[in-house]
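Here's the structure, in structure tokens; my notes come after.
The values are calculated or read from the model by the stated rules, or taken from the named source; none is laboratory data. Small disclaimer: the values here were computed from a predicted structure and weren't measured. No Cβ is skipped: glycine too gets one built from the backbone with ideal geometry, and neighbour counts run over all protein chains shown.
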Amino acid sequence: MRIPLYTAQSRATSEAPGRSITARQNVQLAAQTELAKAAPFSAFADEVSEYAKERYKTVRNNLLAEADIAAEEALFKLRNDLEKTRDYNNILDGDNPRWMSGSNAVKEEIRKKVGKDNYSQNYFNTRFSQLELKHRFQLRNEVDRQIQIASANNYSNKLVQGERQLSDPSLDVFDRQRIISDIKVFTNGYISQTGASKTKVNETIKAMELGAARNALTKFIADQRGSEITTLTAIRNAIRDGRKGELLDTNPITGEGDSLAGRGLAGAEELYKRLTQLDDDELASVLKTSASDIASIYGPGFEEKAKKSQNNALKTALTSQTNDLLKQMELTGKADGEAVSNLLASMDDIILKDPTVGPSFRNKRNELALVSTVAATVRTADIDDLNRVIKDIRDGTQNFGGAGLDTEAEQAAFKFLTNRLSAMTTALKNDALQWGRENGIVTEPVETIFDEEGNFDPNLIALRNVNAHVVEDHYNLPEPQYLTKNEVDQFKRIIKKKDLNPNTKLAFVADFQKAWGGATPAVFTQMGEKDAHDMAALGSLVNAGRNEAALAIMKGMEEFDAGLKIPGEVTEADLFTVFTAFITDDEGMNIFSDMDPDDLDAIYTLAKAHYKGRGITEYDEDLFVQSLNTVVGAEGDRGGVREVRNQKTLLPPEMTPEEVENFMDNLSSDIVAAMNSFAGEDDPDMKLSEELINDIRQRNDDYVLKYFSSDEYYIFDLSRNGIVRFPNGDPFIVNLFQLQKEFPSAFTEEVRRSFFTGKIKE
């Protein structure tokens, strides 16, 4: 549809206009947009044609951009200052967290510098919440890091203390177990608090025990003044004989064996027991640091034997770690850079020191190097980028063989890339947002926006709305995916609960609709809801305080799902005929012509559900029209479709036709200027002549209001079949809700009309 528009204030034209109002606006369902109280004027910037968007950019967004920069700088400074403190207990926790009080002070100070209109305030509040959330989670990470550092220091000090206690050579097994048990209790708490690896913690405890054993041996030998070498030799021989199974303690019955005291090792009984519990490699490590002549403790080649054993074990461990990392990269698509770097360094050290290392170990090293490099390169790649890398690998990789896939490393990299391409293709179709999160396209502080009860943080949804479009743009998707697959499943489980109280269900849908705003129908569509626009409208009804109407609609929906129909002798064709008449004016024009067709269909569907849910036992056409009007905002004598200047007009909620007519009769240059001010206009051509304004006021039968979107209308001249516009070509759009707040008397004061005998000149 193309609406003929005015040029030069009052002259109708059939020529192609420079600017127009599009026939199909991206607006919300009527039952959402007409019922939403206090809808911000930002809808004008979001949903009308390009001309309005550009005007916003040049005026209002300057102040908002400055506020954005100031908020970012102030929150960064606040975060930086708090990060430097050592008192972490009250930064983010406690009765009065310093971050919350500081950020609130920043918000209030900067808020004073933006426009006082609803759009500016709402935009600033939303944007500040996003910035605050970002910096809060970054601060949380630093606080957690410092707490972990403190925990690590405490843990290290505990090990030092334990090693000092265990360095006593006379400690018996019970005392040693008591000390070690105390350390393990402490370290279990450390693991729980920091998430440290239990395996690695146990390794450090073992290292501490070995260190204490070395200290105990060194202390015992040092106490034997003048006979250190003799003592060491005696210990060596005792361990050797003990390993051979010879008795070292005299049997009181048989008299067999000899005592440690008889070998000059009086007082070493507990130390001896301690050392004999170590394996070959551990014992070699302990004795090596205690004296220089222990190489012969098990005869020639003992150290060499231990070293070879260690190297073989190390190669096995490194190969296993490599396979684990490669499997992790295949599953997650990313590599732990630090882990890869450390592992490659260890493998290179083995290869450098042992030229006899076999090809399998070298190939595994090269596989890790190439696959990790490829994984890091393609982590944020889209499908086109990934295909280009696959081609490069297939043609042959520099420093990895010749042309083609002629090395195991290249084959492994090719397999990784083709598997990733398949995974990406599936993920972008079914769970694009999760893929974007896992691969660094967007970052979020939580795994899901819902908790188990279905609660959610509106600030997180605001961030999610932005991130969904970022992922859409990055991967060139046909449309954004607002929820992860897991979140879709969570929502469905909540909304489909049969035992869920209807009021609770409505409240949940309403909160969800309010949080998502204009994206609500798309979100419901992604969840597979066949009535996505209906669900969005249901939420808006509750948010507008229309619980009774919403409950009736929900009841009607459930009855329709159960196979019930509207009672009486009425067909679907009959109902649709009434609906068509409801939305058609006397000239045969659709009064909702600027509404999205899906939203218009939803009005019809919801009206039928509302009629059914009222429990009416027979069909009554007037009552069905009443349901239609209820769905589009009517309550009492306010809102809905009413006669204004003898024309069907969709009114904003809580506004009577008399109030709207009074507004038309009281239109003034001040009102025109105020409307432009709300929209951030400063174009000198954005004015209507006094002659035209007076013409609109007095010629009631010609100038009427036409619904555009939300609370916005344009003025239409029936006599010329054209829309009133400014000299620069822009339509004159009025926001009735905004103007009623600014000029209440214009809506309440009746004007005695004196009609022109003629019209202003063409």
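Restricting the search to region 578-587, which residues are modelled with pLDDT of 85 or more, out of contact with any Lys or Arg (no Cβ under 7 Å at 6 or more places or on another chain) and not β-branched (Val, Ile, Thr)?
Here is the first cut: in region 578-587, the residues modelled with pLDDT of 85 or more are 578-585.
Next, only the ones that are out of contact with any Lys or Arg (no Cβ under 7 Å at 6 or more places or on another chain) stay: 578-584.
Result: Phe579, Ala581, Phe582.
Within region 723-749, track down each residue that is among the charged types (D, E, K, R) and within 44 Å of the chain's Cα centre (by Cα). Show your work before the answer.
Narrowing region 723-749 to residues among the charged types (D, E, K, R): 725, 730, 741-742, 749.
Residues satisfying the conditions are Arg725, Asp730, Lys741, Glu742.
Anything in region 349-368 that is among the charged types (D, E, K, R) and either surrounded by 13 or more Cβ atoms within 10 Å (Cβ to Cβ) or over 43 Å from the mean Cα position of the chain (by Cα) (or both)? List them, or say none.
Pass one, region 349-368, residues among the charged types (D, E, K, R): 349, 353-354, 362, 364-365, 367.
Within region 349-368, Lys353, Asp354, Arg362, Lys364, Arg365, Glu367 meet the criteria.
Just the residues that are under 20 Å from Gln490 (Cα atoms) and of a type in the set (Asp, Glu), please, taken from region 400-455.
Asp431, Glu438, Glu444, Glu447, Asp451, Glu452, Glu453
Would you pick out the residues in region 324-336 that are part of a helix (DSSP H, G or I) and either touching a residue at least 24 places away in the same chain (Cβ under 8 Å) or of a type in the set (Gly, Ala, Ser) (or both)?
So in region 324-336, the residues part of a helix (DSSP H, G or I) come out as 324-332.
Of everything in region 324-336, those that are part of a helix (DSSP H, G or I) and either touching a residue at least 24 places away in the same chain (Cβ under 8 Å) or of a type in the set (Gly, Ala, Ser) (or both) turn out to be Leu325, Leu326, Met329, Glu330, Thr332.
Restricting attention to region 526-540, which residues are in a helix (DSSP H, G or I) and either acidic (Asp, Glu) or at pLDDT 75 or above (or both)? Please lay out each step first, then the result.
The initial filter retains those residues of region 526-540 that are in a helix (DSSP H, G or I), namely 526, 532-540.
Once the filter is applied, which keeps residues that are in a helix (DSSP H, G or I) and either acidic (Asp, Glu) or at pLDDT 75 or above (or both), region 526-540 yields Gln526, Asp534.
Each row is one residue, and each column tells you yes or no for (1) assigned to a loop (DSSP other than H, G, I, E, B); (2) out of contact with any strand residue (DSSP E or B) (no Cβ under 7 Å at 6 or more places or on another chain); (3) without any contact (Cβ under 8 Å) to a residue 40 or more places away in the chain; (4) surrounded by 17 or more Cβ atoms within 10 Å (Cβ to Cβ).
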| position | (1), (2), (3), (4) |
| --- | --- |
| Val114 | yes, yes, no, yes |
| Ser120 | no, yes, no, yes |
| Asn125 | no, yes, yes, no |
| Phe137 | no, yes, no, no |
| Gln148 | no, yes, no, no |
| Asp168 | yes, yes, no, yes |
| Arg178 | no, yes, yes, no |
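Only one of these is touching a Phe, Trp or Tyr at 6+ places or on another chain (Cβ under 8 Å) and either free of Cβ contacts under 8 Å to residues at least 40 places away in the same chain or over 30 Å from Asp702 (Cα atoms) (or both): Phe592, Phe560, Phe576. Name it.
Working: Phe592 fails: either free of Cβ contacts under 8 Å to residues at least 40 places away in the same chain or over 30 Å from Asp702 (Cα atoms) (or both); Phe560 fails: touching a Phe, Trp or Tyr at 6+ places or on another chain (Cβ under 8 Å).
Of the residues listed, the single one that is touching a Phe, Trp or Tyr at 6+ places or on another chain (Cβ under 8 Å) and either free of Cβ contacts under 8 Å to residues at least 40 places away in the same chain or over 30 Å from Asp702 (Cα atoms) (or both) is Phe576.
Which pairs turn up if I take residues in region 232-243 that are assigned by TED's automatic domain parsing to the domain that holds Ala261 and look for partners that are surrounded by 15 or more Cβ atoms within 10 Å (Cβ to Cβ) and in a helix (DSSP H, G or I) with beta carbon separation below 7 Å, at least 6 apart in sequence or on another chain?
Filtered contacts from region 232-243: Leu232/Ile221; Ala234/Arg263; Ala238/Arg263; Ala238/Tyr272; Ile239/Leu275.
Is it the case, given these coordinates, that Gly195 is under 30 Å from Ile147 (Cβ atoms) and modelled with pLDDT under 80? Talk me through it step by step, then tell me what you get.
On the way: under 30 Å from Ile147 (Cβ atoms): yes; modelled with pLDDT under 80: yes.
Criteria met by Gly195.
Within 24 Å of Asp596 (Cα to Cα) and either in contact (Cβ under 8 Å) with a residue 24 or more places away in the chain or out of contact with any Asp or Glu (no Cβ under 7 Å at 6 or more places or on another chain) (or both) - does that describe any residue in region 688-704?
Yes, some residue in region 688-704 is within 24 Å of Asp596 (Cα to Cα) and either in contact (Cβ under 8 Å) with a residue 24 or more places away in the chain or out of contact with any Asp or Glu (no Cβ under 7 Å at 6 or more places or on another chain) (or both).
Step by step: first the residues of region 594-634, then only those that are crowded, with 17+ Cβ neighbours inside 10 Å and of a type in the set (Gly, Ala, Ser), then the one that is modelled with the lowest pLDDT. Which residue is that?
The residue in question is Ala602.
Quick check on this structure: which one of Ala339, Ala376, Ala403 is touching a residue at least 24 places away in the same chain (Cβ under 8 Å) and at negative phi?
On the way: Ala339 fails: touching a residue at least 24 places away in the same chain (Cβ under 8 Å); Ala403 fails: touching a residue at least 24 places away in the same chain (Cβ under 8 Å).
From the options Ala339, Ala376, Ala403, the qualifying one is Ala376.
Just checking: which of the strands (runs of 3 or more DSSP E) contained wholly in region 637-749 hold 3 or more residues that are within 25 Å of Ser120 (Cβ to Cβ) and not assigned by TED's automatic domain parsing to the domain that holds Met595?
Qualifying strands (runs of 3 or more DSSP E): 712-717, 733-735.
Restricting attention to region 469-507, which residues are in contact (Cβ under 8 Å) with a residue 40 or more places away in the chain and within 23 Å of Asn125 (Cα to Cα)?
Just the residues of region 469-507 that are in contact (Cβ under 8 Å) with a residue 40 or more places away in the chain, to begin with: 472, 474-477, 479-486, 488, 490-491, 494, 502-503, 505-506.
Within region 469-507, just Tyr482 meets the criteria.
Whether any residue in region 562-577 is of a type in the set (Val, Ile, Thr), at pLDDT 80 or above and closer than 14 Å to Thr630 by Cβ is what I want to check. Please lay out each step first, then the result.
Kept after step one, since they are of a type in the set (Val, Ile, Thr), are these residues of region 562-577: 566, 570-571, 577.
Still in the running and at pLDDT 80 or above: 566, 570-571, 577.
Then keep just the ones that are closer than 14 Å to Thr630 by Cβ; that gives none.
No, there is no match, as no residue in region 562-577 is of a type in the set (Val, Ile, Thr), at pLDDT 80 or above and closer than 14 Å to Thr630 by Cβ.
Report, by residue number, each residue of region 582-594 that is aliphatic (A, V, I, L, M) and either assigned to a helix (DSSP H, G or I) or closer than 15 Å to Leu651 by Cβ (or both).
Kept after step one, since they are aliphatic (A, V, I, L, M), are these residues of region 582-594: 583, 589, 591.
Result: Ile583, Ile591.
Is it the case that Val114 is more than 30 Å from Met675 (Cβ to Cβ) and of a type outside the set (S, T, N, Q)? So that I can check it myself, show each step before the final result.
Values: more than 30 Å from Met675 (Cβ to Cβ): no; of a type outside the set (S, T, N, Q): yes.
Here the answer is no, as Val114 does not meet what is asked.
How many of the residues in region 223-236 are surrounded by fewer than 16 Cβ atoms within 10 Å (Cβ to Cβ) and modelled with pLDDT of 80 or more?
1
Looking at Thr617, Thr577, which is the one that is out of contact with any helix residue (DSSP H, G or I) (no Cβ under 9 Å at 6 or more places or on another chain) and closer than 24 Å to Pro502 by Cβ?
Values: Thr577 fails: closer than 24 Å to Pro502 by Cβ.
Within the list Thr617, Thr577, the selection yields Thr617.
Has region 324-347 got any residue that is over 25 Å from Val378 (Cβ atoms), crowded, with 16+ Cβ neighbours inside 10 Å and at pLDDT below 80?
no
When the residues of region 467-487 are filtered to those that are aliphatic (A, V, I, L, M) and surrounded by 19 or more Cβ atoms within 10 Å (Cβ to Cβ), which remaining residue is nearest to Asn455 (Cα to Cα)? Outline the logic, then answer.
Step one: list which residues in region 467-487 are aliphatic (A, V, I, L, M), which gives 468, 470-471, 477, 483.
The next check asks that each one be surrounded by 19 or more Cβ atoms within 10 Å (Cβ to Cβ); those that pass are 468, 471, 483.
Numbers: Ala468: 20, Val471: 24, Leu483: 15 Å.
Among those that are aliphatic (A, V, I, L, M) and surrounded by 19 or more Cβ atoms within 10 Å (Cβ to Cβ), it is Leu483.
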